[in-house]
Structures are given as structure tokens and as C-alpha cells.
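The structure appears below as C-alpha cells.
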Amino acid sequence: MNKYIKGCLVVIGTVFILLAIIIVWFFWSSNSRKKQAEIDGITFSKECDSIKFITEQPEIQFAKFKKNEISILKFQIIREGKFIHDTIIKNGFNKKTSSSEYQSINIPYKAFLKTDTIVVTTQNKLHYYISGYHHYAYLHYGMTGYVGSHDCRFSDNPTINNELLLSPILFRENGWINPEISKHIKKISVSDSAGYYGFAKKSNIKIEDAERILKEKRKNQVFRSTTINGIEVGPKDSYYVFGEETESGTLPNDLVPRNLKQYVVKINCETGEYKRYKNYPFDN
């Protein structure tokens, strides 16, 4: 074998070894940064969780309300079991973020403890208990992965009336008339698939049973649509909760619905007992 071929083989071998070293180093470094991110995520989360005060003045939204039901709002803070800082807001909605369906307003406290509960009471006496605001660690990543730094960010997905929500929206049908009773009821959202299907599996009435009962009970109604709202777990009884829209008739061309009505249906998870509410929760 001549010197030229030997030289080429040496060069190729050297390049191959260097490439192999670079690839091994890249995967080792990537795996190392990933493990470090997991460790730092826990450490920095504790650091961010040590922030005692919420100073962001979170925005909340109201959905499916009539104007006169939310034109006056009462805000309170529950701290160590006591109500403090009663605040009345009249027509204080944000014009930039409000729409025909959702009205937005900022919580009117420049600072409150993250352990506090904010209570909002509407003009039609519906109560919303908002808690769980906190800060979390946001890890910084670059082109090669985790870069070893972070910042603490505000989490805008609080617990509202015992239900953890992805967005801070106060729905009319989820308001509490009697908080002393309702606060003992836990809600399992459909979005919490593990909790929802896990609870249903242990119940005497399964999900398919509840859906069958729902269909049977609406025999004489013109059906429009149904939504699955989750499960209410109470001290004594638990219920599958469905939302239902019906229409009593249509216009002559059969295209535009009229007399649209909204209901909430509850089906007992153990007995299958059916309850149907119009303008829920007002006739509950």
C-alpha cells in the first residue's frame, strides 16, 4: 500500500474518531443538562414558591352573565379564616380585553398573600372563591438545551370554587349560592382525565350508564347539544354533571333556532338518580 493511500486512511480515521468524540460529547452534554434541569427545576421551584405576595393584580373573566348581574361586584379577601378588605367595584371592566361573551376585570388589590382566598360576589348573589395563585420556575433554554438560569413567573391558573382551571374564568353556572355547603363539594374536571375516569371506574354508575340515562330522560325534548362538565364529589353523594341546550322550535326554514334553553343535568354516581335544572344554579 503506497504512502498516499496510507495517508488518506489516517486522515479519514482521524476525522471519524473526532466526529465520534463530538457526537458522544454532545449526547453526554445534552443528557447532563437534562438531568441538571430536572434538579434545578425542583430547587428553583422552591425558591419561587417562597415568594409570599402576589403583586400582579391578576385578571379574571366573567362568562354567560347578563350586564345587570355583574355591573356591581364585591371583592373580599379571606385571610386566616377572616374576611378583610371589602371592596365594591361598579362597571370596572377592561374595555381592551372584554368582549360580548367575556367581561374582564383585574383583582383590585395591588398585593395580597398567596395563601389568601379572593372572594367575588356578583349582584345576583353568586359567590366565587379564588385561590392558588403562585409563582413557578421558568428554566431558560438555548440552541443546545438548558443554559442553567431561570426566572420566577406568575401562574395564572387558579382554583375557582374547588376546581383547578386553565384560565381564570368565572362561569355563571359554576357560582355558589350557599358557599358554606358548596365549599365541601370537590369538582373533577373532564380535563383531569386520570381523576375523572378513575372516579367513574369505581362508581356503581359508569360513564356509559350516565350517558344512556341522559338520553332516556330527554325523550320529549328537541335535542340540540350536550357537554360533559365533570363530576361533583360531595360529602354524601356524587354526581356526573352535564350541560344541555334544547330548543322548543325552529323558524319556518328549519335553519335558525329559537327559544334556546340551557340546562344542567346531574346523575347520581351510585343510584343513577336524574336531576335537571333550568337556569342552574338558581333553582338548585
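All of the numbers you see were taken from the coordinates with simple rules; none came from a lab. Keep in mind the model is a prediction, meaning the values are calculated, not measured. Every residue, glycine as well, gets a Cβ built from its backbone with ideal geometry; the counts of neighbours run over all protein chains shown.
Each Lys and Arg Cβ is given +1 and each Asp and Glu Cβ -1; about its Cα centre, the chain then shows a dipole of about 240 debye. Within region 116-176, DSSP assigns beta bridges of which about 100% are antiparallel (rounded to the nearest 5).
From the alpha carbon centroid of region 168-241 to that of region 45-100 is 26 Å.
Projecting the Cα atoms of Ile228, Ile60, Thr246 onto the charge dipole of the chain (Cβ charges, centred on the Cα centre) puts Thr246 farthest toward the positive pole.
Judged by a Cβ-Cβ distance under 4.7 Å, the unpaired cysteines of the chain are Cys8, Cys269. One quarter of the convex hull surface built on the alpha carbon atoms of region 37-139 amounts to 8.0 nm², the projected area averaged over directions. In the set [x] 1.18; [y] 0.96; [z] 1.05, the label that goes with Rg/Rh (Cα atoms, Kirkwood Rh) computed for this structure is [x].
Suppose every K and R has +1 on its Cβ and every D and E has -1 on its Cβ; what is the size of the dipole of region 65-116 about the Cα centre, in Debye to the nearest 20?
Values: 10 positive and 5 negative charges, 35 e Å.
In total the dipole reaches around 160 debye.
Here is the link list: Lys66/Lys201; Lys52/Lys202; Lys64/Lys96; Lys110/Lys183; Lys34/Lys96; Lys74/Lys201. Which ones come out longer than 29 Å on Cα distance? Over 29 Å apart, Cα to Cα: Lys66/Lys201; Lys52/Lys202; Lys34/Lys96; Lys74/Lys201.
Summing Cβ point charges (Lys, Arg +1; Asp, Glu -1) relative to the Cα centre of region 1-145 gives a dipole of roughly 260 debye. Taking every C-alpha pair closer than 8 Å and separated by at least 6 residues, the mean separation divided by the residue count of the chain gives a relative contact order of 13 percent. Residues in region 107-119 carry Karplus couplings, in order, of 4, x, 10, 5, 7, 8, 5, 5, 8, 6, 10, 8, 10 Hz; the curve used is 6.51 cos²θ - 1.76 cosθ + 1.60 with θ = phi - 60°, and Gly or Pro positions show x.
The phi-based Karplus calculation (6.51 cos²θ - 1.76 cosθ + 1.60; θ = phi - 60°) puts the 3J(HN,Hα) values of region 164-181 at 6, 10, 6, 9, x, 10, 9, 7, 4, 6, 9, x, 9, 7, 10, x, 5, 8 Hz, whole numbers, x for Gly and Pro. 3J(HN,Hα) along region 10-25: 5, 5, 4, x, 5, 4, 4, 5, 5, 4, 4, 5, 4, 5, 4, 5 Hz, from the Karplus curve 6.51 cos²θ - 1.76 cosθ + 1.60 with θ = phi - 60°, whole Hz, x for Gly and Pro.
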